[in-house]
Amino acid sequence: PMTTTTAKPAPFTVFRNRRFRLMWTSELVSTIGDSLVDIAAAILVYRITGSALAVGLVLVATAAPALLIGPFAGVFVDRFDRKRIMLACDLLRGTVVVLIPLLISFGIAWLFVAVVVVSAIGTFFSPAHASVLPEIAGDDELAAAHTMLAISAFASTALGFAAGGLIASTAPIEWAFYLAAATFFASAAIMAGVVVPQWREAGTTTPATVLRNLGAGIAFLWSRDVLRSYLVIAAGAALTAGLHHSLLLPFAVEALGASEFVFGLQEAMAAVGFVIGSLLVASRIDRLREGQWLTISLLGVGAVGVAYASIESIPGAVVLIMLVGFLTAPFDIAGRLIIQRHTTREIRGRVNSTFSVATNVAFLMGMALVGLADVIDVRVVFLATALATLALGVGANLLPGLRETGAQWRRAALLLQGAAAAPGLHRRRAATVDDLDALILRLPAMARFARAEARDLLSLASVAEAPTGTVIVRRGEVSDAAYFLITGRAVVGWPEGERRRPLETLNAGDFFGEIAALTGAPRTADVVADDDAMLLQVPSRMLRRMAADPALRALFGSTMRERMLRMDALGGTRLGGLGEAALKELRTDRPPARPENTEPGGAPQATP
């Protein structure tokens, strides 16, 4: 197959898909409703009680159900029609919210009950929406779809907060709840027009499986310095963020003497700042390493917080909170990269879930601590929060794993720079059962296939040893082999002018080379051993047999899509139509084009 250069499709072209357009609009409208409920409830509670603790508790009520019910909502979503779930969620939330003005006449406690119920219902909407998206957007649209959804989430949050603050300062607060209810009903009406493929029950996921997966995620991340250190920093940052978020309303009213509209405006501008920061940092993230970005972000947020604690100007306060949102973006992006680069694909979802649970617990604790502002001056509490954030920034620069990532990335860049003159693979031997067992420990999805096909796999596969600096794959070469990392680490490099940019870190349990092996297309990147590595080398005909296993096929497919989307994002040579072709290759026995550097019927020859 020949590679072709095509123009990278603009992200906005995904809106040509009517079903996505309707789903995007539905989520945009319902997210405005979520934000209106949150801000109106906080303002109403503060009006009635005058207590910062009460504000913190109502915010906890909006977030706690996602933590307690969220991990299990996916189990429910996997067993019922997703479109009906979303419709039911919107209709039920709209009904409960429109009743809030009536309920609070019986006591403020009913507001807390209503907020908890609305939030609990919402925990089923998000996983249902995420599950339907791949069924209505094609593989080539998913990257743009996720980008547009992320932008709409922040934009609608900003709009909802600003509208809530404006209504609270110019009209009866009840109108904020009526408007929120209207958004939920409107979202349901829009969603009713979306045609979703017939639902099929997904596997045997149970609550017990969810708990086991969380346990596996904890065990994995705790065994690695960088993930363990990041968990400590992320939990600490979530705690201070929860306290910061809860302090904004009492600070605006008590310290600034401002209206409730200023509170809503600050929340809105924080979301705007985050969007701007994300767009700027995303294109520059590889100029520094993750630990350095975490440090910069936390020190910046802490420094701005110190300034905010003593500010008297309302416009200045709004600008500073927008700056906090801007400086939060590097932390968020760097954290995602840490998880991506230091976990295997097999365990990544479980590690993400573990981080989500830990940070949500810390965030809720931070919101509960806002009660300190009832007994201590709110400026003092805000200053303490800012100083704690500064301390976290220092910790991010000192903790094991985070402080080394910069040196590791520079070392990887140097290895890639010398790839042209570096030796290729030359030491190979027959694969053994012990090699397969070692790989299964890192890639559990291999276990079921290996038990059935172990003899054939071992007869066709070989094991290659790659000392540090060895070029495992060279960009442009043709081969029918894919590689599975048994031990060690490798780095993927992409050419940028005369230099080679580190693109991805591969750990034990990761695999690569599957696209070229299946299609006969030239390799798209260099892969160099970043540490002494041992690899299982698998020819394409065995790769197809491995893909007959549903779990492995899903793993191969998702990884291939991820890599092809990354190639598109780099704006380089695009493999025209390769996405669907490569996935079809997984399900056929047709061999790829004859590679130039393989022996007849055997494994690839050593790269010179």
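The values are calculated or read from the model by the stated rules, or taken from the named source; none is laboratory data. Keep in mind it's a predicted model, so treat the numbers as computed, not measured. Positions of Cβ are backbone-derived with ideal geometry, glycine not excepted, and every protein chain shown enters the neighbour counts. Just so you know, the surface numbers come from the protein's heavy atoms only, side chains and all, with ligands and any DNA or RNA stripped out. Shrake-Rupley method; radii C 1.70, N 1.55, O 1.52, S 1.80 Å.
Some points to look at:
- Thr13/Ala420 FRET efficiency (R0 35 Å; Cβ-Cβ; nearest 0.05): 0.40
- Exposure check, 1.4 Å probe, all protein chains in place: Met148 carries approximately 10 Å² of accessible surface.
- FRET efficiency for Ala153 and Ala303, using Cβ-Cβ distance with R0 set to 41 Å, rounded to 0.05: 0.90
- Solvent exposure, largest accessible area first (probe 1.4 Å, DNA, RNA and ligands not counted), of Trp175, Trp24: Trp175, Trp24
- Largest-first ellipsoid semi-axes for region 272-318, taking √(5λ) over the Cα gyration tensor eigenvalues, angstrom: 25, 14, 5
- Taking 0.36 nm per residue of sequence separation and removing the Cα-Cα distance, the Ala189/Arg336 pair yields an extension gain of 49.5 nm.
- Residues Thr359, Thr519, ordered by accessible area of protein heavy atoms at a 1.4 angstrom probe radius and largest first, appear as Thr359, Thr519.
- Gain in span if fully extended, Arg541 to Ser459, counting 0.36 nm per residue against the direct Cα distance: 28.3 nm
- Were the residues from Ala171 through Thr468 laid out at 0.36 nm apart, the gain over their Cα-Cα distance would be 100.1 nm.
- Cut-off 13 Å between beta-carbons: net charge of the residues surrounding Ala180, Lys and Arg +1, Asp and Glu -1: -3
- Cβ-Cβ FRET estimate between Ala430 and Leu279, R0 fixed at 35 Å, reported to 0.05: 0.10
- Local net charge near Leu111, Cβ-Cβ under 14 Å (Lys/Arg +1, Asp/Glu -1): -1
- With K and R counted +1 and D and E -1, the other residues having a Cβ less than 15 Å from that of Ala373 yield a net charge of -2.
- Where Arg475, Arg228 fall by accessible area, highest first, once all protein chains stay in place (1.4 Å): Arg475, Arg228
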